Amino acid sequence: MTGIVTLTAAGAIDATYRVTALRRGTFTRAESYTREVSGKGVNVSAALAAGGADTAAVVVLGADDVRFARCGLTAPLLRIVEVPGPTRVNTSVIDAEGATTKVNAPTPPLSPEAWEATIETLRAELATRTEPWLVISGSVPELAGTGSLVDLGVVRAVARELGARVAVDTSGAALDVLLADPAGIDLLTPNVDELAAAVGRPLATLGDVVMAAREIVARGVVTVLASMGADGLLAVTADRAVFARADAPYVANTAGAGDAALAGFLLGLTRAPAASAAGADPLAVAAASAAEWGAHAVAHASTVVAGPPLGIRALVETAPDLARPLTPEGELPASAGASTAGATA
């Protein structure tokens, strides 16, 4: 059975506070508060499940929070690797204008035993599926006592062994390690800042983003899905660059939008054979799906989306204007209204 397995080696509890306004150094009482099991791979699996895909989320969680995790909406998706103690808590504070201030807890190290258990759980899930996808998502912890990150090369080797295509959505040192040897990665999903850091120069236009993405493709990645915040996204291969952007009906919570966009892209790829048979462009279908799911997540109150996008349609350009400038941070695109939110914020 074809399916998509996500790996979240640093699971989290997402705590979301909604306030009228957030002022530094003052007392603020929240209007509402929610708490849910999260971590980027869990968010991806939740969106995939909402889109009807077969998915499982391999996630490392602290033993203190396993009971809570097994009672949540995502419980059927979770394949929990239990480690001692609490799960880290990532906190979002959302004001009345929809601006999100986010503070993520440090990523705790994993013991060699916990990492081995994670790999075996991942292997078991991939082995039950035919031609699956593996999504490596979120923060990557250190291996306890080594000062080095856990070895993602082992994960990629398991994927190759079981015929899985690999998508990666991570950042920082883990992304640097993967970009040093990215052969075999089918899909990489950096944002503009991460892509700029990877090529060592600022990116100011769509053409800059395409050129930078092509440099990553030349290293061995098949497709780069570059998120550009309010400017939308670009799906870039060796010979194609497809732009997509969708407007959210309103801004509720930008946290998790990139995860939903990744899920949307994978959902779009699952429709590629039907799209080709109908004369549609499979890459354009996938890019549109990514933008729509990302915009849907922006309008979704929680980090984890619970249903598919309804009434959201993406603008897609298969020959985008590469001279188009990116929007400076904090501003809306010239074509956007006040309620617009980036598909992959």
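Using C-alpha pairs under 8 Å with a sequence gap of at least 6, the mean separation divided by the residue count of the chain gives a relative contact order of 17 percent. Count neighbours as other Cβ atoms within 10 Å of each site's Cβ, and list the chymotrypsin sites (Phe, Trp or Tyr not before Pro) in segment 1-49 that are DSSP loop with at most 10 such neighbours. Qualifying residues, ordered by number: F27.
Quick one: with all protein chains in place, what share of the accessible area of the chain is carbon or sulfur, to the nearest percent (1.4 Å probe)? Answer for the chain is 55 percent, counting heavy atoms of protein chains only. Excluding ligands, DNA and RNA, the accessible surface per residue across segment 2-61 is 39 Å² with a 1.4 Å probe.
Here is the size of segment 67-201 from its Cα atoms: Rg then Dmax, 16.6, 49 Å. Panel values: segment 237-313, Kirkwood radius from alpha carbon pairs, Stokes-Einstein at 20 °C and 1.002 mPa s, translational diffusion coefficient 170 µm²/s. For segment 130-175, the ratio of Cα radius of gyration to the globular rule of thumb 2.2 N^0.38 Å stands at 1.24. A viscosity of 0.692 mPa s and a temperature of 37 °C, combined with the Kirkwood radius over C-alpha pairs in the Stokes-Einstein formula, give the chain a diffusion coefficient of 163 µm²/s.
Rg/Rh for segment 150-236 stands at 0.98; both radii use Cα atoms, and Rh follows the Kirkwood definition. A simple spin-label model places pseudo-atoms 7 Å from Cα toward Cβ; at T237 and M211 they are separated by 2.4 nm.
If r is the Cβ-Cβ distance from A105 to A204 and R0 is 41 Å, what FRET efficiency results, to the nearest 0.05?
0.75
Given R₀ = 25 Å, what would the calculated FRET efficiency be for E161 paired with A75, taking r from the Cβ atoms and rounding to 0.05? Using R0 = 25 Å, I get an efficiency of 0.30. Give me the base-10 log of I(q)/I(0) for segment 28-125 at each q in 0.20 Å⁻¹, Debye formula, one uniform scatterer per Cα, rounded to two decimals. Summing over Cα pairs of segment 28-125 leads to -1.11.
The values are calculated or read from the model by the stated rules, or taken from the named source; none is laboratory data. It should be emphasised that the depicted structure is a prediction, and the values quoted were computed from it without experimental measurement. We place every Cβ from the backbone using ideal geometry, glycine too, and count neighbours over all the protein chains shown. Heavy atoms of the whole protein, side chains included, go into the accessibility calculation; ligands, DNA and RNA do not. Shrake-Rupley method; radii C 1.70, N 1.55, O 1.52, S 1.80 Å.
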